[in-house]
Amino acid sequence: MTASTPPPIGAPHDDVSATAAHAATGGLVKSVVALDRVVIRLAGDSGDGMQLTGNRFTSETASFGNDLSTLPNFPAEIRAPTGTLPGVSSFQLHFADHDIMTPGDAPDVLVAMNPAALKSNLSDLPGGGLLILDSDEFTPRNLAKVGYATNPLEDGSLEAWQTVPVPLTSMTLDALADSGLGKKEAERSKNMFTLGLLSWMYHRPTEGTVRFLERQFRRKPDIAAANIAAFRAGYNYGETTEAFAVSYEIKPAPMEAGLYRNISGNQALSLGIVAAGQRSGLPIFLGAYPITPASDILHELSKHKAFGVRTFQAEDEIAGIGAALGASFGGALGVTTTSGPGVALKAETIGLAVMTELPLLIVDVQRGGPSTGLPTKTEQSDLLQAMFGRNGEAPLPVIAPRSPGDCFDAAIEAVRIALTYRTPVMLLSDGYLANGAEPWAVPEADSLPDLTGTVGFATGPNAAATDGTPEFHPYQRDPETLARAWAVPGTVGLQHRIGGLEKADGNGNISYDPANHDFMVRTRQAKIDGIAASIGPTDVEDPDGDATVAVIGWGSTYGPIGAACRRIRASGRKVAQIHVRHINPFPTDLGEVLARYDRVICPEMNLGQLALLLRAKYLVDVQSHTQVSGMPFRSAELAAVIQDAIDTSSTPAVPAGAAANGATQ
Amino acid sequence: MTTLDTHVHDLGMPGNPISAAVADSVALAGEKKTDLKAKDLKTDQEVRWCPGCGDYVILNAVQSFLPSLGIAREDMVIISGIGCSSRFPYYMNTYGMHSIHGRAPAIATGLAASRPDLSVWVVTGDGDSLSIGGNHLIHALRRNVNMTILLFNNRIYGLTKGQYSPTSEVGKVTKSTPMGSIDAPFNPISLALGADATFVGRAMDSDRKGLTDVLRQAAEHQGTSLVEIYQNCNIFNDGAFELLKDPNTGTQWSIPLEQGKPLVFGPEGAACVVKDDFGGLRIAETNQVDADDIVVHDATRENPAYAFALSRLSSQDLRYTPMGVFRSVSKPTYDGMMTEQLDTAKVQQTADLDALLGGGETWTVGN
């Protein structure tokens, strides 16, 4: 048993400002400590409702006005055997009074609902961190399940941490003694008791959670009442117990004025698709097969039928994209959503979409691979599959969002490209973006890009036969975009046939002519290359403009790389952050931008796929830094890599002894 | 090329399944013409099947009968997969897509479900639809998407030059089975009925009248129709259906299915179909059974067991092959139900993008 009065918890380098004492109910004198940021990790059994608890705490935190970033981490098994290590599910939340970029490298606070959760998460909790345990769960049986020979609550092995054992289960049962629920059912509310305790500790608003529970269990009022009672009991326990003498205050982060909501990547991506349909005037047709971690997009879009969104749960991945392509042929905006294994299955149909030059959005929410790999973990290893995973020369645009909220804008941008250029577009999200959440400034619909000009269905002949008769040529191209004419079935006089066989330039008839094939292959490539003209210059963040080392990334590494660059700059060094959203084609100035730096580092959650592309295209000696653990980068580790590159580069200009990665992180 | 702006926020009001974008451009293109002639459906593309191929006969039959449906050619879409038969769309002056191997039913599902105003056709072969595309076929059938599937069955792979197919008989010697095929074949009609297909028929390429009759009923059927067309490949499997085509043996071994008529067939009506002792059907000699025991054909039976039993009368050697419509029952279509759900949603909820984006738990940051 350790300290009952934990000292202020927060990142050691952060300012800990004033503490104030006030009298809580029951006459206890409790102090309030102001912190600028906290990372909390909730860990428990898959059946303990840790994801729900984390999401609720996140919602409370978002509505309080902190900036935040989350990292849910759960097993692929729906319910591994109770109390075992494979069954542990966790949720990490980083929230702050300033803008933050990652869910945090390591927790400051760990809540472990059982011995398994303790065992699998303790090594991430830095010494001195606050450790809250459900002491009821530390039974000989549960300890044996995970191989604890002695009880860590009693054997002194937790002395390095601020350990607070709390009988969460029995206190929940006590609180619900009069609820009429059985023991088993009542026990399930212990996550709400825990949420109540944390809500007290961090001064979170509670009304949202009460409303949520009422809504969630509106058909089971007794369950709603029990959960609310447990939630309040947890809160009141915090206020009255001597075990916690301190609560923490993290002020709202300054944000631009406006309406905000908390949003996950999959939610934002779904809304982006709906918005793109509305802003283009085309109905959405989603053909999809359930796959982790992309299924939530199918779930979300299936709710928006009022917006003309059709969702089709296909018999397989191939039918999902096939149906989407069929719908595009008919004048809808075809969309298919999947993860890496699904992209592999869809490859042939993507090739057909390249050949038929129809708009199509392919969303790949990447996960650990190869094969089934790590379904619930994150990775960026489908980039080369997206670029090259088809037979023949089959180029397509590839774009990647950089944060959960950015999935919204990236979806709209992907649709803009698909419609403007009549091409399938690959949108590469990943498991970290998909399930992670952040505050999102809700845009006004009218402020979103107007995509109506990108549609332009053909309504009449666009060419003439040799005898002068007007004809429709489906492969007649717009001279600027090289997009082909798009005539939808039902349009009088424009009947035409398309397909996977090579097309004659212009009239689109089958052609085996060698010169025509060479021309068409080059034209399809030129069309995709030409998209670069419609995208902005490379996004470079170099505050002083004179960094000699640049870090380049794509997709979800934006947050960890950005946080690492902040550390570097805070240590007095200089570094440029380059983040590419458009990976195919790259922005036209990218080669020039890369050439400005003495060293370019490319961190990726794969074995160097973007680095390979950059080296091949620009002959730049990109230094690859890779990690394929299924988890996002830790910014301190990235900072160390960057610092090393800076300190060993030819032009050192570093304050002696300043460590960017922070010895204490 | 004329183009026009499309309407934002107007993706079809309840009752109109077509988006404003499509409706506007279709309206702008001009008047639809439904009094077509066969020649209106021909294209300028040279037909490139082998001389003597059964596909020519089917193409002619389809071009001749389609105008009688009163559908404008721009409202017809033919989707095919890969194989000899899948060249079909190039020869039809309609909209068309010659897609990839086996996937035509999936592509057609997306088109039919998002454009219920179109007449969607799938042209496929035994390899395309029963081997590589078997999954899409059975799922299209069970969903009852409004489309007509023409399955050209020649019991061989033609385009890849003569390997056995999933309908080839056991023992068939081909390039890939020099010692004879050891694969048990599919009976496509049984397979379709197993998937609870709402319309299942069979016809012979050379029988213009019978083929047209089945095709017309298939086209008029609401939901997925499957028509198996026995088609002769005179290069790699010539004479595969000779037993049924030969005037001498054809009447003996074909069982014409006529709605409401007793199943009597063969020279002088000597054979008939009666119930067997196990809930199935069997062949009997007409003069050996009570006239009342002869089964009267009824394709509209809800339970597919009867149609299935019919499909089991014939074996790999094609003796006792029923020809005509096995099953034709009415069930809600997938596209119809999808449109209904959208209509219901539009009544229940306004399509307000601002409300959607700002939904859920929100908070406001002041100036």
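Details
- Part-to-part distance (alpha-carbon centres) for region B:48-102 and region B:177-221, which is given in Å: 17
- Taken along the Cα-to-beta-carbon direction at a fixed 7 Å, the label points for A:Ser371 and B:Asp317 span 4.7 nm.
- Nearest-0.05 FRET efficiency for B:Lys161 and B:Lys42, computed from C-beta distance (R0 25 Å): 0.30
- Chain A, helix-only ellipticity at 222 nm - DSSP H runs n ≥ 4, -39,500 (n - 2.57), divided by all residues, nearest 500: -10000 deg cm²/dmol
- Under 11 Å, Cβ to Cβ, from A:Asn142 - net charge with Lys/Arg +1 and Asp/Glu -1: -1
- Rounded to the nearest Hz, the phi-derived 3J(HN,Hα) couplings of region A:478-488 under the Karplus curve 6.51 cos²θ - 1.76 cosθ + 1.60 (θ = phi - 60°) are 5, x, 7, 8, 6, 5, 7, 5, 10, 10, 8, where x marks glycine and proline.
- Peptide B:331-340 has a mean of 1 when you count, residue by residue, the C-beta atoms of other protein chains within 10 Å of its C-beta.
- Shielding by partners, peptide A:444-451 (average Cβ within 10 angstrom, other chains): 3
- Exposed-site-free run, longest, chain B (rule: GluC sites (Glu not before Pro); DSSP loop; at most 16 other C-beta within 10 Å): B:47-257
- Note on B:Glu242 and B:Tyr56: the extension gain reaches 65.2 nm, defined as 0.36 nm multiplied by sequence separation minus the Cα-Cα distance.
- Listed by Cβ neighbour count within 10 Å, with the fewest neighbours leading, A:Asp36, B:Asp335 appear as A:Asp36, B:Asp335.
- Value of relative contact order over chain B, rounded to a whole percent, pairs C-alpha under 8 Å and six or more apart: 14
- Over 24 Å (Cα to Cα) - which of A:Lys305/A:Lys377; A:Lys503/A:Lys527; A:Lys503/B:Lys42; B:Lys209/B:Lys261 fall in this group: A:Lys305/A:Lys377
- Set of aspartates and glutamates near B:Lys175 by C-alpha distance (under 19 Å), chain-local residues within fewer than 8 positions excluded: B:Asp126, B:Asp128, B:Asp183, B:Asp238
- Under 20 Å from the Cα of A:Lys574 - aspartates and glutamates, other chains or at least 8 residues apart: A:Asp539, A:Glu541, A:Asp542, A:Asp544, A:Asp546, A:Glu592, A:Asp598, A:Asp621, A:Glu637, A:Asp644, A:Asp647
- When the convex hull of its Cα atoms is projected in every direction, mean area for region B:69-187 (nm²): 7.5
- Debye log10 I(q)/I(0) for region A:391-451, one point scatterer per Cα, at q = 0.24, 0.27 Å⁻¹: -1.04, -1.14
- Pairs of Lys residues in region A:19-250 are counted when their Cα atoms are under 26 angstrom apart and they lie 8 or more places apart or on different chains; the count is 10.
- For the protein assembly as shown, convex hull of alpha carbons as volume per residue, Å³: 210
- With R₀ set to 30 Å, the beta-carbon distance separating A:Ala532 from A:Leu501 gives a calculated FRET efficiency near 0.55.
- Label-to-label distance for A:Leu607 and A:His98 is 4.0 nm, based on points extended 7 Å past Cα in the beta-carbon direction.
- Orientation-averaged projection of region A:261-453 equals 9.4 nm² [convex hull of Cα atoms, one quarter of hull surface area].
- Mean ellipticity per residue at 222 nm, deg cm²/dmol - from DSSP H runs of n ≥ 4 across chain B, formula -39500 (n - 2.57): -8000 deg cm²/dmol
- As a rough footprinting exposure proxy, the listed residues B:Ile107, B:Ile229 were ranked by other beta carbons within 10 Å of their own, and the order from fewest upward is B:Ile229, B:Ile107.
- The slack in the chain from A:Thr139 to A:Ala243, taken as 0.36 nm per residue of separation less the alpha-carbon distance, amounts to 35.3 nm.
- Using alpha-carbon coordinates, inclination of helix A:340-356 to the longest axis of chain A, degrees: 20
- Excluding exposed DSSP-loop GluC sites (Glu not before Pro) (at most 14 other C-beta within 10 Å), longest clean stretch of chain A: A:481-665
- Cα-projected label distance for A:Ile510 with A:Gln216, points at 7 Å along beta-carbon direction, nm: 5.9
- Long-range Cα-Cα pairs in region A:161-314 (distance over 26 Å), rounded percent: 51
- Every Cα-Cα pair in region A:19-250 was counted, and those over 27 Å apart are 30% of them.
- Relative contact order (percent, whole number), chain A, Cα cutoff 8 Å, 6+ residue spacing: 11
- For peptide B:341-352, the mean count of partner chain Cβ atoms within 10 Å of a residue's Cβ comes to 4.
- Relative contact order (percent, whole number), region A:19-250, Cα cutoff 8 Å, 6+ residue spacing: 22
- A:Asp644-A:Asp621 FRET efficiency (beta carbon distance; Förster radius 22 Å; 0.05 resolution): 0.85
Laboratory data are not the source of any read-out in this text; all were calculated from the coordinates shown. Computed from a predicted model, the values in this text were never measured in an experiment. So basically every Cβ, Gly included, is an ideal-geometry build from the backbone, and we count neighbours across all protein chains shown.
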